[in-house]
Amino acid sequence: MACLTFPRQCRLLTAGDYRQVFDGAVYKVHGKGLMALAIPNDLGHPRLGLVFSKKNVRRAVDRNRLKRLARESVRHAQHRLPAVDIVLLARRGVNEVDNDTVLRQLFGMWRRLEREAEKSTRPSRTSTTPRHASGTPGGTRPQPKQSRN
């Protein structure tokens, strides 16, 4: 059975970590009342940071519930997620959504993030070698054979 813990190395811990994601977000995934910003990392596993402000989620009980659900969803999806640093932001009205809906939203967001990351890291199908109109690589035409006399 896979290890489904959420240790310290799977979290964004410093303000610098958060700033890096906010300044250079490569991936942006929206859900109902939630938004995830992500940037690739070199650690080989995803890391999660949570931003649930009092302005958007008024009651501490609701903020804590949403954070718990977010951590739970990442804990279950961490083996499928790419190696990215994720910051999950709450928007207004997310506290009115029930737990099942929030979890469905989060798992859908992780799937979209996985697809976006896969799409951007997959090599393109077009060749990088320029081709000439004749179809030969490098843009040169085949030279006719010289006859020896």
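The values are calculated or read from the model by the stated rules, or taken from the named source; none is laboratory data. Predicted model only: the values in this text are computed from it and were never measured. Cβ placement follows ideal geometry from the backbone for every residue including glycine, while neighbour counts extend to all protein chains displayed. We work out accessible area using only protein heavy atoms, side chains counted, and drop any ligands, DNA or RNA first. Shrake-Rupley method; radii C 1.70, N 1.55, O 1.52, S 1.80 Å.
Counting residues in segment 53-69 that are open to solvent by less than 40 Å² (accessible area, probe 1.4 Å), touching a residue at least 60 places away in the same chain (Cβ under 8 Å) and part of a loop (DSSP other than H, G, I, E, B) gives zero. Just one residue in the set 88, 103 is under 17 Å from residue 6 (Cβ atoms), part of a helix (DSSP H, G or I) and either at pLDDT 90 or above or out of contact with any strand residue (DSSP E or B) (no Cβ under 6 Å at 6 or more places or on another chain) (or both); that residue is 103.
Residues that are in contact (Cβ under 8 Å) with a residue 40 or more places away in the chain and out of contact with any strand residue (DSSP E or B) (no Cβ under 9 Å at 6 or more places or on another chain) were ranked within segment 29-52; the one that is farthest from residue 98 (Cα to Cα) is 42. For segment 50-70, the criterion of being of a type in the set (Phe, Trp, Tyr) and over 15 Å from the mean Cα position of the chain (by Cα) is satisfied by at least one residue.
When 80, 47 are checked against the criterion of being within 19 Å of the chain's Cα centre (by Cα) and open to solvent by 90 Å² or more (accessible area, probe 1.4 Å), 80 stands alone in meeting it.
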